[in-house]
Amino acid sequence: MPAMKPPRRRLCILRLSAIGDVCHAIATVQAIQHQFPDDEITWLVGKTEAGLVSDLPGIRVVVFDKGKGLRAFPAVRRQLGGRFDVLLHMQLSLRANLLAAWVPARQKWGFPRHLSKELHSLVINRRVTMPARPHVLEGFQCFAHALGVPPFEPQWHIPIPETDQTWVEAHIPGDAPFVVVAPAASNPERNWLPERYAAVIEHLANRGITPVLTGAPATSELALAQKISELAKAQPINLVGQTNLKQLLMLVSRAAAVVAPDSGTAHMAVTQGTPVIGLYAHSNPERTGPYHSRSLTVEVYSANLLAQKSGRPEETRWGTRLKGAGLMADIQVDEVLKKLDQALGSGQPPPPGNNISS
């Protein structure tokens, strides 16, 4: 007698932000799709992050626009279209927890108690089993396991429109190898020093590899890119403020490597199989580092944690973030160049390109 087909379920994914965490969540959502192709999936996501997930096959996207204030909550409720069998509540922020209360669902799965905060426990009725100290991506995988998905290696299939592929080809001429340097994080404290980025750019140019600066159109990021360009003896291709998310995804997919602090660009590169030299001082790279490139991370988090909290990472609350505008200065140029050369290889520059999603 053939095995019975599991019943079709209506699933709601709640992960609003940020870009890096949405990248982690994509792998989990697509694993659920692969295991249960008949399930109907709706994803509640932030307005900016929707640019990355809005065209994922088989997923209905509902955008939560925080700019609308309190009006955003009933607006989302109207778009959801009825009750869900399961809500996978994959975010701990207060805003996300308030939104979860508006989502009609029979089961609301959330994080275990040791990872919960910001009223999370009040808006869920099921808890996902997780390790004590998971990487963010591994924690998200546990949501899929709770639905019956067996262990899986994270994979990403993110469409990139042909127009965005063509845009990148027009701005990065020829087949010469290039490295993306994404100098800015959402929190300026996590930015490295401009003169040290300039040293990285000069090192790449000396190796015959084109440096490419990327970033958002924010005034602070444009100013940082300008400062780096002024300090560097070799001029990078400056695309800061010029790319949408899919163009940036295409760019990092073609890059030989990416150099970045804890930022969305670093995690976008992971989805494309591109090596990432992550620069970490404020957060634990074992929790938030580029998942497949943690061996390439240059981190001073552990030393600063010991200095600020008088404890090692394994002795403090998982997810502890450090404050201090000067912490990134502890990351030295030589350490970054060593990891960069490790990623690129010590001989001839590597061929361009990695895994281009289509």
Legend entry - Of all residues making up region 306-337, the number that are without any contact (Cβ under 8 Å) to a residue 60 or more places away in the chain and either in contact with a His (Cβ under 6 Å, 6 or more places away or on another chain) or over 15 Å from Arg190 (Cα atoms) (or both): 15
Legend entry - Lone unmet requirement of (1) in contact (Cβ under 8 Å) with a residue 12 or more places away in the chain; (2) of a type outside the set (A, V, I, L, M); (3) assigned to a helix (DSSP H, G or I); (4) under 26 Å from Val62 (Cα atoms) for His114: (4)
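Pick out the one residue from Ser346, Ser358 that is polar (S, T, N, Q) and modelled with pLDDT under 50. Break it down stepwise before answering.
Numbers: Ser346 fails: modelled with pLDDT under 50.
Step by step, each of Ser346, Ser358 is checked, and only Ser358 is polar (S, T, N, Q) and modelled with pLDDT under 50.
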Inset, instruction - Check every one of the helices (runs of 4 or more DSSP H) wholly within region 203-282 and list those with 3 or more residues that are touching an Asp or Glu at 6+ places or on another chain (Cβ under 9 Å). - result: 219-231, 245-254
Legend entry - Qualifying positions in region 50-86 - touching a Leu at 6+ places or on another chain (Cβ under 7 Å) and free of Cβ contacts under 8 Å to residues at least 12 places away in the same chain: none
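Every residue, every condition in (1) over 30 Å from Ala225 (Cα atoms); (2) out of contact with any Leu (no Cβ under 9 Å at 6 or more places or on another chain); (3) at pLDDT 95 or above, yes or no:
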residue	(1), (2), (3)
Leu88	yes, no, yes
Phe111	yes, no, yes
Val123	yes, no, yes
Val128	yes, no, yes
Gly148	yes, yes, yes
Ile158	no, no, yes
Legend entry - Meets criteria (farther than 29 Å from Pro7 by Cβ and under 23 Å from the mean Cα position of the chain (by Cα)) for Val128: no
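Can you pull out the strands (runs of 3 or more DSSP E) entirely within region 1-72 that have at least 2 residues that are within 23 Å of Met250 (Cα to Cα)? Let's see the steps before the verdict.
Working: elements: 10-14, 40-46, 59-64.
The strands (runs of 3 or more DSSP E) meeting that bar are 40-46, 59-64.
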Inset, instruction - Kindly list, by first and then second residue, each pair from a residue in region 22-40 that is under 16 Å from Phe84 (Cα atoms) to a residue that is among the polar types (S, T, N, Q) and outside any helix (DSSP H, G or I), limited to pairs with Cβ atoms under 9 Å and residues at least 6 apart or on different chains. - result: none
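For residues in region 149-176 being in contact with a Pro (Cβ under 8 Å, 6 or more places away or on another chain) and more than 25 Å from Thr288 (Cα to Cα), which is surrounded by the most Cβ atoms within 10 Å (Cβ to Cβ)? Explain how you work it out, then say what you get.
Of region 149-176, the ones in contact with a Pro (Cβ under 8 Å, 6 or more places away or on another chain) are 157, 159, 175-176.
Restricting the remaining residues to those that are more than 25 Å from Thr288 (Cα to Cα) gives 175-176.
Values: Asp175: 10, Ala176: 12.
Checking each candidate, the answer is Ala176.
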Inset, instruction - Select from region 80-125 the residues that are under 23 Å from the mean Cα position of the chain (by Cα) and polar (S, T, N, Q) and list them in ascending order. - result: Gln91, Ser93, Asn97, Ser116
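Residues of region 301-317 being outside any helix (DSSP H, G or I) and in contact with a Lys or Arg (Cβ under 8 Å, 6 or more places away or on another chain), which ones?
As a first pass, look at region 301-317 and keep what is outside any helix (DSSP H, G or I): 310-312, 316-317.
Within region 301-317, just Thr316 meets the criteria.
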Inset, instruction - Would you be able to tell me the number of residues in region 182-206 that are over 15 Å from Asp341 (Cβ atoms) and either among the hydroxyl-bearing types (Ser, Thr, Tyr) or buried (at least 22 other Cβ atoms within 10 Å of the Cβ) (or both)? - result: 8
Inset, instruction - Provide a single number: the residues in region 273-290 that are farther than 22 Å from Ala303 by Cα and buried (at least 24 other Cβ atoms within 10 Å of the Cβ). - result: 2
Inset, instruction - With the checklist (1) out of contact with any helix residue (DSSP H, G or I) (no Cβ under 9 Å at 6 or more places or on another chain); (2) at positive phi in hand, flag the one item Ala307 doesn't pass. - result: (2)
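So how many residues does region 25-48 have that are of a type outside the set (A, V, I, L, M, F, W, C) and over 10 Å from Ile59 (Cβ atoms)? First the steps, then the outcome.
Going through region 25-48, the residues of a type outside the set (A, V, I, L, M, F, W, C) turn out to be 28, 30, 33-35, 37-40, 42, 46-48.
Now drop any that are not over 10 Å from Ile59 (Cβ atoms), which leaves 28, 34-35, 37-39, 46-48.
Matching residues across region 25-48 total 9.
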Inset, instruction - Considering (1) under 21 Å from the mean Cα position of the chain (by Cα); (2) polar (S, T, N, Q); (3) more than 23 Å from Pro275 (Cα to Cα), say which one Thr243 fails and leave the rest. - result: (3)
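When region 89-111 is examined, which residues are found to be assigned to a loop (DSSP other than H, G, I, E, B) and touching an Asp or Glu at 6+ places or on another chain (Cβ under 7 Å)? Walk me through how you get there before you give the answer.
In the first step, residues of region 89-111 are kept if they are assigned to a loop (DSSP other than H, G, I, E, B); the result is 90-93, 103-104, 111.
Residues satisfying the conditions are Leu92, Ser93.
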Legend entry - Residue match in region 172-191 (condition: at pLDDT below 95, at positive phi and not assigned by TED's automatic domain parsing to the domain that holds Val29): yes
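The values are calculated or read from the model by the stated rules, or taken from the named source; none is laboratory data. Since this is a predicted model, take the numbers as computed values, not measurements. Don't worry about glycine lacking a Cβ; one is built from the backbone with ideal geometry, like all the others, and counts go over all protein chains shown.
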